[in-house]
Amino acid sequence: MAWGAEGGSAVMIIYGEPIDNSLTDNLESTEEQDKFNEARLVRNAVEYVMVSLIVAQIGLVYGASIEELPYTVRHEPTPVVGINVGSQLGFEGFSPDNIGWLKTKSVPSFYSSVPVENSNISDVLQTWRESTSGYIRYVIPVAPGLYNIQCLFADYNSSGYRVNGRKMIVSVNNNKTSVDLFVASSSAMSPTAVKVTLLNVDSRNTAVPGRLIITVKKQTNSLLGPLLNGILIFTVPTPTLTPSPTPSPTPSPTPSPSPSPSPSPTVSPFPLRSWSMSTVFAATGRYESCAVELHGRIVHLFGRNRTPMPVSVYDPASYTWTELAATPFSAHHLQCAVYNDSIIVGGAFGRGSFPLERPLNDVYLYKPNSGAWIKVTSMPAGRSRGSCGLGVYQGKWYFAGGSLLGHAQGVNFTVSFFDQYDPFTNTWTVMPDLPTRRDHGGVAVFGDKLFLLGGQVGGAADFWIQPVQQIDVFDFPSGVWTTIGETLQPHGGVSPAAVGHIIAIAGGEYNNKSSAVTEFLDASTMQLLPLTLNMTQPGGRHGFALTSCGGSFFAGQGAISKKPNDIRLKSIERLLWDSSGLCPGNTSFWSP
């Protein structure tokens, strides 16, 4: 929703989105009354308890400060944005919290109090948003530049927590700090008011430049979830430079010949945040295949075919394709992954024909520069499957989901299996099942988390209209799966890729039609971006693997859905996401 800052003419749009789906339940009236009573107790407190907080800087780039806050808020200079979080009222320079939530299945509920009239406590500290466990998040468009952001918190420690009561991580773009709201409470019933300031936050340092992504998150060991009372955003003043006095002119000596000017930096021929099709095509068309980036080249392998196919390698630096020797066996419906200088091949269909495709039981390593194939292991008995997601974390290989037998053979043939293989010990470990059974999906690993996106229930009789849009995330340290939301569009038969902390998933098939839509997930905040881009391939693509190199995504080969036979593609297109990212390659690896 649009709103105007009080006393200003600029109109800004604010988006907010929660991650914790457990907030969809209606609040009990007793809970709201308890929170209201806490506000009354704070109002009637006769003395102010000075608060001293410990700041734990987590990946802090520019700096942060936390200070005790008088119950009447003062802020100088005038902020460019002020939000009275959790209230439909605007005062003291704060605008009402009129939030247009992004895509959720139902509107979440938040605790909220009614402002207390004639109070010596600032009204902005009497209303809030609170999440029982997850996140509170705002995405605020601003002009490109540097900003100081203040987050206001107020609470009354009615439960008498001394340790781990309400501990939160506050982050704005890549800047983070932590706050323990009750750490300095000297008694069980202590009012607490805190202002957290993050300094010199660059609004250009996001996937979509010109945004401030403000997130308040519960720390793992916190007993209570995060809350937030107010947000203030200030521009960082640009220093005024005093001009130097103009020197008196002096006779100039005869100039020496000027050296040749340095060459200008190379400008990318690709437009930023837009798909561009290459004019050079591969010799081989393929779909239901896999692809990875390895030492600056995009390697395309396998695909649905009666006989083994050559390996196609695309060089983004020279815009050229090279054909390598054919694979020693046929495989399709798989996601490959890089392990050191090799490519992992497993979790595929390798025998039979539609709809009774059977799994390739074995797992291999392929070294494309030498052409060597090494059988490493076999899938565990009863868990061999195709159409499986594959990712690597700390040297171990993870196989997610998949189908035990082809297509339309029964819903139970689409599994929620999750398995770990350790190549050092040659052992398999059964991991916690996926929250959502799926095949035809894919995996991306970022930090300590594995993201599973896209897919369908391929075992269903009408699998072509049974997409899986849930985004499931596995946290390696805790060993817990979480479903954080859904993609806006179905993406069956594709796998994702990442540029930095941005995970993209593109194309796919639904109802026998291939898609061109690309969606983006910010892995650092686990939120979908409010942005979709269409690939340029007419008719879209499915049955392909998205890859990335440097700051670009690549969508190559795949197929256009068309009965009775899909149209195999030989094309590749590029999405320049981050112009600062390079894809230098390793010529010595590819020229042994």
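The values are calculated or read from the model by the stated rules, or taken from the named source; none is laboratory data. Keep in mind that what you see is a predicted model, and the values were worked out from it rather than measured. For neighbour counting, all protein chains shown are included, and Cβ atoms are generated from backbone atoms with ideal geometry for every residue, glycine included. Just the protein is used for accessible areas: all its heavy atoms, side chains included, with ligands, DNA and RNA removed. Shrake-Rupley method; radii C 1.70, N 1.55, O 1.52, S 1.80 Å.
Taking the 1.4 Å solvent-accessible surface of segment 469-582 as the whole, the part contributed by carbon and sulfur is 50%. Look at where the Cα atoms of segment 297-369 and of segment 404-419 average out, and the two centres are 22 Å apart. Of the residues Trp577, Pro530, Ile560, the one whose Cα sits farthest towards the positive end of the charge dipole of segment 514-588 is Ile560 (charges of +1 on Lys and Arg Cβ, -1 on Asp and Glu Cβ, taken about the Cα centre). Projecting the Cα atoms of Met431, Asn412, Gly455 onto the charge dipole of segment 304-458, computed from C-beta unit charges around the Cα centre, puts Asn412 farthest toward the positive end. Here the dipole of segment 465-592 is about 620 debye; that uses its Cα centre as origin and unit charges on the Cβ of Lys and Arg (positive) and Asp and Glu (negative).
A Förster distance of 51 Å, applied to the separation of the beta-carbon atoms of Leu356 and Ala317, puts the FRET efficiency at 0.75. Residue ranges 481-494, 424-437, 359-372 sort as 481-494, 359-372, 424-437 when ordered by packing (mean number of other C-beta atoms within 10 Å per residue, highest first). In order along segment 294-299, the Karplus-derived 3J(HN,Hα) couplings, from 6.51 cos²θ - 1.76 cosθ + 1.60 at θ = phi - 60°, round to 9, 6, x, 10, 9, 9 Hz, and Gly and Pro are given as x. Between the beta carbons of Ala326 and Gln420, assuming R0 = 25 Å, the FRET efficiency works out to 0.20 to the nearest 0.05.
Computed from backbone phi, the HN-Hα couplings of segment 431-447 come to 9, x, 4, 5, x, 10, 5, 6, 10, 6, x, x, 10, 9, 10, 9, x Hz, rounded to whole numbers (Karplus: 6.51 cos²θ - 1.76 cosθ + 1.60, θ = phi - 60°; Gly and Pro given as x). In segment 398-548, a dipole from Cβ-located charges (positive for Lys and Arg, negative for Asp and Glu) runs towards its positive end, and of Thr482, Gln470, Tyr421 it is Gln470 whose Cα lies farthest in that direction. When each of the peptides 471-477, 516-522 is scored by the mean number of other C-beta atoms lying within 10 Å of its residues, the order from highest to lowest reads 516-522, 471-477. Within the shell defined by Cβ-Cβ distances under 9 Å, the residues around Phe153 carry a net charge of +1, with Lys and Arg each +1 and Asp and Glu each -1. With a ≥ b ≥ c taken as the square roots of the eigenvalues of the C-alpha gyration tensor of segment 518-592, please select rounded if a/c is under 1.5 and otherwise prolate if a/b is larger than b/c or oblate if it is not? Because a/c hits 1.5 or more and a/b fails to exceed b/c, segment 518-592 counts as oblate. Other residues within the sphere of radius under 13 Å centred on the Cβ of Ser342, judged by their own Cβ, net out at +1 (K and R +1, D and E -1). Our coupling estimate for segment 137-153, obtained by passing each phi through the Karplus curve with A = 6.51, B = -1.76, C = 1.60 and θ = phi - 60°, is 9, 10, 10, 10, x, 9, 5, x, x, 9, 9, 9, 10, 10, 10, 9, 10 Hz, Gly and Pro reported as x. Only Cα pairs under 8 Å and 6+ residues apart enter the sum, and on that basis the relative contact order of segment 314-425 stands at 21 percent. Each of the peptides 328-340, 548-560 was scored by the mean count of other Cβ atoms within 10 Å over its residues; in descending order, highest first, they stand as 548-560, 328-340. Taking square-rooted eigenvalues a ≥ b ≥ c of the alpha carbon gyration tensor, is segment 455-551 rounded, prolate or oblate, where a/c under 1.5 means rounded and, failing that, a/b exceeding b/c means prolate? Verdict is oblate for segment 455-551. Does segment 405-516 classify as rounded, prolate or oblate by the C-alpha gyration tensor (a ≥ b ≥ c root eigenvalues; a/c under 1.5 gives rounded; else a/b over b/c gives prolate, otherwise oblate)? Oblate, because a/c is 1.5 or more while a/b does not exceed b/c.
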